[in-house]
Amino acid sequence: MLRLEERGSLLVPFVLVLLLFFGAAGFGIWAFSSRQDYKNNVTPKIAAAVAVAQQQTSSQKDNDFAQAQKQPLKNYNGPSTYGSLVVKYPKTWSAYVVSSDHSDTPVDGYFQPDFVPGIESTTDYALRVQISSTTYSQTMQQFSTYVKSGTTTVSAYRVDKVPSDLGSRIDGQLTSTKHGSMIVLPLRDKTLKVWTEADQYKTDFNNNILPNITFSP
């Protein structure tokens, strides 16, 4: 007959064996269940993975094609009287530019994919270009309220091809109804403003428009 001490010494190994048994059994059940799930659902899972990959590939191809269609860029050439401004923009866009020596805005341009809906439209334009008779400091003052409220940020800016001309870049609230990004540059006794009114055109604005602006300060 086993003594109490001997029973206690045998109980611990017995418990460990039981724990190992149940652990192994649980793992076996989980592995079997996973194998059955894979076996039963492998075809739908592969099909779903292939569909996702094809969709991503198709979207990338569509995007690459859309970007390629924008090249080569078209030119807008402004009057020599106002610095011979040159703005390049995607060839899939259309432009409507009003030039007048008798206006406070001698150059006022609207650029939009496909066609320009009209200057009275409430459209958020892909690109706007203005040369204004308002001075640079007066123009920048127009954004002070938005800067104070935190809805607009301002930073120093120079266009790549005219590094001698220091201006500003504004991001955020541009007017009470427009939100986007704008560069403001002094141009002789006037002010040049170039901006986009919609976030969806910021890639074109940053990659196609801004790097290609030239003018005679």
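We did not get these values from a lab; they are worked out from the coordinates using the rules stated. Quantities reported herein were computed from a predicted structural model and do not represent experimental measurements.
Numbers below:
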| quantity | calculated |
| --- | --- |
| Net lengthening on full extension, Gln69/Ser84 (0.36 nm per residue, minus Cα-Cα) | 2.7 nm |
| Stretchable slack from Gln141 to Tyr157, in nm (0.36 nm times residue separation minus alpha-carbon distance) | 4.1 nm |
| Of Lys91/Lys161; Lys88/Lys148; Lys148/Lys193; Lys74/Lys148; Lys70/Lys190, pairs whose Cα-Cα distance is over 27 Å | Lys88/Lys148; Lys74/Lys148; Lys70/Lys190 |
